[in-house]
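Visitor: Take this structure, written in structure tokens, and hold onto it; I'll ask about it next.
The values are calculated or read from the model by the stated rules, or taken from the named source; none is laboratory data. Worth saying up front: this structure is predicted, and the values here are computed from it rather than measured. Backbone-built Cβ (ideal geometry, glycine too); neighbour counts: all protein chains shown.
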Amino acid sequence: MDRFEAVETHGDNHVAGWVQTTDGVRLWTEVRGTGRPIILVHGWTMSSLFWRRQAQLADRFQVVTLDLRGHGRSQSTPRGHTVARYAADVREAITGLGLRDGMLAGWSMGGSVVLEYWRQYGTDRVSALALVETAPYPMSSAPWNTHKCHGHSVEAMEADLAAMAKDREGFADRFVNAMFLAGQAPGHCLKWMKGEQLKVPTSIASAIYQDYAQRDYTGVLPSITVPTLVMYGRSRHMCHGPSTGRFVAGSIPEAQFVILDKSGHLPFYEQADKFNLALARFLAPPEA
């Protein structure tokens, strides 16, 4: 951990602190457990706290979470809010922690960060990928795409950003509720999840959304040569759901596709036990 500054220790196998990027931004990072690393990348305006139910994987693996720049507890900075820079940040965190042979897993926008990592760095320190409820191109006109920006709709993107700028709290309420299969978050979830979203300055949320929505990674999918796990819920209120998942899994050579049908955009939270079991079995299949 040559560039990791530990500031909190929670028992022998849980440490938290800062990784500083080459452009001087401090990223909040937590490491739990030992073994093969699983690096978890959160979605747009979310944070590493959304992976809290994956902490139980630390009894078999090294679970690494980080807050992307401008998100969660990481440093807020006006620069670098592109998927490409976020992928570079993830690589700098991985190298700063001295991780090797890891699985890089991304949820929603975090999936685009993972695909950008693969595009830029390939198998550098990574030997497996996971894509969770992500759209490789939110503006695609293809029938698999259920994102509101479908059909290259810049107008839909701009309407979302205008609604967020006009009423940030109301937008956060709607966004968090839509992530759950039922379209309504449990009260305690709404409170802390909304709180995490509101930590991200509106200017940063807008900048990275515009960059993410217009990036096309569909051509990257067939180039993936490492084992890849593709997991989606059955979201009724928010992208992306089974049609996107089938396209993503079908585009990656020998990908494994899992649908968790009692969850929406948060399969790792709404069906944490099944999600964690699928991830563990994928990385360490039971002996025959």
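Visitor: Examine the stretch 160-171 for a residue that is within 17 Å of V41 (Cβ to Cβ), surrounded by 14 or more Cβ atoms within 10 Å (Cβ to Cβ), modelled with pLDDT of 95 or more and among the aromatic types (F, W, Y), and state whether such a residue exists.
Guide: No, every residue in the stretch 160-171 fails to be within 17 Å of V41 (Cβ to Cβ), surrounded by 14 or more Cβ atoms within 10 Å (Cβ to Cβ), modelled with pLDDT of 95 or more and among the aromatic types (F, W, Y).
Visitor: Select from the stretch 217-257 the residues that are under 15 Å from V114 (Cβ atoms) and assigned to a strand (DSSP E or B) and list them in ascending order.
Guide: Listed by number, the residues that qualify are T228, L229, V230, M231, Y232.
Visitor: Name the residue that is farthest from F180 (Cα to Cα), counting only residues in the stretch 218-250 that are buried (at least 20 other Cβ atoms within 10 Å of the Cβ) and of a type in the set (S, T, Y).
Guide: T228
Visitor: List pairs: first residue in the stretch 250-266 and closer than 13 Å to L229 by Cα, second residue of a type outside the set (D, E) and part of a strand (DSSP E or B) anywhere in the structure, Cβ distance under 6 angstrom, at least six positions apart or on different chains.
Guide: I252/T228; A255/T228; A255/V230; Q256/L229; F257/V230; V258/M231; I259/Y232
Visitor: Can you work out which of the residues in the stretch 71-85 that are part of a loop (DSSP other than H, G, I, E, B) and of a type in the set (K, R) is surrounded by the fewest Cβ atoms within 10 Å (Cβ to Cβ)?
Guide: Filtering first and then ranking leaves R79.
Visitor: Within the group V31, V63, V7, which residue is touching a helix residue (DSSP H, G or I) at 6+ places or on another chain (Cβ under 6 Å) and either aliphatic (A, V, I, L, M) or within 26 Å of H265 (Cβ to Cβ) (or both)?
Guide: V63
Visitor: Right, something else. Against the condition in a strand (DSSP E or B), of a type outside the set (A, V, I, L, M, F, W, C), modelled with pLDDT of 95 or more and within 13 Å of the chain's Cα centre (by Cα), how does T65 come out, does it pass?
Guide: yes
Visitor: Return yes when A142 is under 20 Å from the mean Cα position of the chain (by Cα) and under 19 Å from G241 (Cβ atoms) and no when it is not.
Guide: Against the criterion (under 20 Å from the mean Cα position of the chain (by Cα) and under 19 Å from G241 (Cβ atoms)), A142 does not qualify.
Visitor: Got a number for residues in the stretch 120-139 being surrounded by fewer than 22 Cβ atoms within 10 Å (Cβ to Cβ) and touching a His at 6+ places or on another chain (Cβ under 7 Å)?
Guide: Qualifying residue count for the region: 1.
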